[in-house]
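This report refers to the structure that appears directly beneath it.
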Amino acid sequence: MEIRKVQITGGSSFVITLPKDWAEAQKIRKNDPLGLVPQPDGTLLVTRDITEGQFQREKEFDVSEIREPTFLFRLLIGSYIAGYTTIGIRSKTRLPASVRMVVRDFTQMTIGPEVVEETDTSILLKDLLNPAEMPFENTIKRMFVIVKNMQIDALAALETRNTALADEVIARDNDVDRLHWLIARQTNIILKNASLSRKMGVSTNMVVNIFIISRIIERIGDHAVRFVESAKKTADTPIDEEILDLIRKANSLALSLFDKSIVSFFNRDMRGSHKNIEQVRKLEDLCEEINARAMQQESFTAVSLRYMAESIRRSGEYAGDISESVINYLVEEQE
């Protein structure tokens, strides 16, 4: 760290010189404009970017070296989350149909990227979404609504033996994933572009906390899928009504924990978050009772019931994790 003393010129202007090595590396010349961006922690960012626009970052893949479509898909998702605004896909020969299918799946599974150019040997993807147009809180609310309804419908699928509803719950998980990827992408972009943080009215600490909560909600969605997959396996098997009633109570409590954790997040309520965490133990006890009763059933049914109880328990514990994250963030914010 270089220490430089502040000087006063003209009796009112505070002046500090820039490090020469940094100025030369940035190719700064006399009379060049620089942006000064105050940060939430009290520091001051000096930047050459005075447009406050999104950084344009490019990534290119040569698919001549990539043989597995799933590997290419993961590379595209990784580039999207990393914040690349332009992604090029090229080949020395004609692009195979499998590559074009991966690109199609990628554009359907993400928010923003679209194909803007395409030839026999290349595809160019460009992100058309302005990150500032998708507020974090709106995305979190949408994820919450989708996952909450997945949990409700997963129980309904179990009760009614409706496999079509179960499949629909599983399909909705894609919507949760694409929203979580969007938040991950926005998080990376903001951490690389402090001016965007100011433009969106969020601190970097808040962004990181929102990403953590988004990840937890995505995990709860995964457990709704696991629950309904186990429910499908019991579609032709009668379930003891007492066990089914316990599952209803446990699922209702897990939903309540999830709902209260999100309410505490939006209301910035530390005490509400604390009370919510204290309720997780009740859910764990209910799930243990389901497991004990499941052991009295046929082995195939018992395994499925235990998997369902585990998914409900994990959903409630994840809701508790959201509440913990809220407390951790608010404690630091109040300093």
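The values are calculated or read from the model by the stated rules, or taken from the named source; none is laboratory data. Being a predicted model, the structure only gives us computed values, none of them experimental. Please note: Cβ atoms are built from the backbone with ideal geometry, for glycine as well, and neighbour counts cover all protein chains shown.
Figures for the structure shown
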{"quantity": "Selection count where residues are part of a helix (DSSP H, G or I) and surrounded by 14 or more Cβ atoms within 10 Å (Cβ to Cβ), scope segment 268-281", "calculated": "7"}
{"quantity": "Every residue from segment 125-140 that is part of a helix (DSSP H, G or I) and in contact (Cβ under 8 Å) with a residue 60 or more places away in the chain", "calculated": "PRO131, ALA132, PHE136, GLU137, THR139, ILE140"}
{"quantity": "Candidates ILE322, ILE312, ILE327, filtered to the one that is part of a helix (DSSP H, G or I), touching a Cys at 6+ places or on another chain (Cβ under 7 Å) and touching a residue at least 24 places away in the same chain (Cβ under 8 Å)", "calculated": "ILE312"}
{"quantity": "Any hit, segment 27-43, residues being under 41 Å from the mean Cα position of the chain (by Cα), modelled with pLDDT of 85 or more and surrounded by 13 or more Cβ atoms within 10 Å (Cβ to Cβ)", "calculated": "yes"}
{"quantity": "Enumeration of residues in segment 215-267 that are without any contact (Cβ under 8 Å) to a residue 40 or more places away in the chain and assigned to a helix (DSSP H, G or I)", "calculated": "ARG215, GLU241, ASP245, LYS249, SER252, SER256, VAL263, ASN267"}
{"quantity": "Test: ALA294 is hydrophobic (A, V, I, L, M, F, W, C), in contact with a helix residue (DSSP H, G or I) (Cβ under 9 Å, 6 or more places away or on another chain), buried (at least 20 other Cβ atoms within 10 Å of the Cβ) and modelled with pLDDT under 95", "calculated": "yes"}
{"quantity": "Candidates PHE61, PHE55 - the one that is modelled with pLDDT under 90, of a type outside the set (Gly, Ala, Ser), within 29 Å of the chain's Cα centre (by Cα) and surrounded by 11 or more Cβ atoms within 10 Å (Cβ to Cβ)", "calculated": "PHE55"}
{"quantity": "Residue within segment 289-305 that is closer than 30 Å to GLU137 by Cβ and of a type outside the set (D, E, K, R) present", "calculated": "no"}
{"quantity": "Test result for LEU246, within 30 Å of LYS141 (Cβ to Cβ) and either surrounded by fewer than 16 Cβ atoms within 10 Å (Cβ to Cβ) or modelled with pLDDT of 95 or more (or both)", "calculated": "no"}
{"quantity": "Number of the condition not met by SER323 [criteria: (1) surrounded by 17 or more Cβ atoms within 10 Å (Cβ to Cβ); (2) at pLDDT 90 or above; (3) more than 26 Å from the chain's Cα centre (by Cα)]", "calculated": "(3)"}
{"quantity": "Residue within segment 88-100 that is part of a helix (DSSP H, G or I) and under 17 Å from the mean Cα position of the chain (by Cα) present", "calculated": "no"}
{"quantity": "Any chance LEU191 is under 14 Å from the mean Cα position of the chain (by Cα) and either closer than 30 Å to ARG48 by Cβ or touching a residue at least 60 places away in the same chain (Cβ under 8 Å) (or both)", "calculated": "no"}
{"quantity": "Residue in segment 73-124 that is nearest to ASN193 (Cα to Cα), counting only those that are among the small types (Gly, Ala, Ser) and touching a residue at least 12 places away in the same chain (Cβ under 8 Å)", "calculated": "GLY83"}
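For every residue, the table says whether it meets (1) touching a Leu at 6+ places or on another chain (Cβ under 7 Å); (2) over 28 Å from ILE183 (Cβ atoms); (3) of a type in the set (Phe, Trp, Tyr); (4) not assigned by TED's automatic domain parsing to the domain that holds ILE190.
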| position | (1), (2), (3), (4) |
| --- | --- |
| ILE66 | yes, no, no, yes |
| PRO69 | no, no, no, yes |
| ILE77 | no, no, no, yes |
| TYR84 | no, no, yes, yes |
| ILE89 | no, no, no, yes |
| LYS92 | no, yes, no, yes |
| PRO96 | no, yes, no, yes |
| PHE106 | yes, no, yes, yes |
| MET109 | no, no, no, yes |
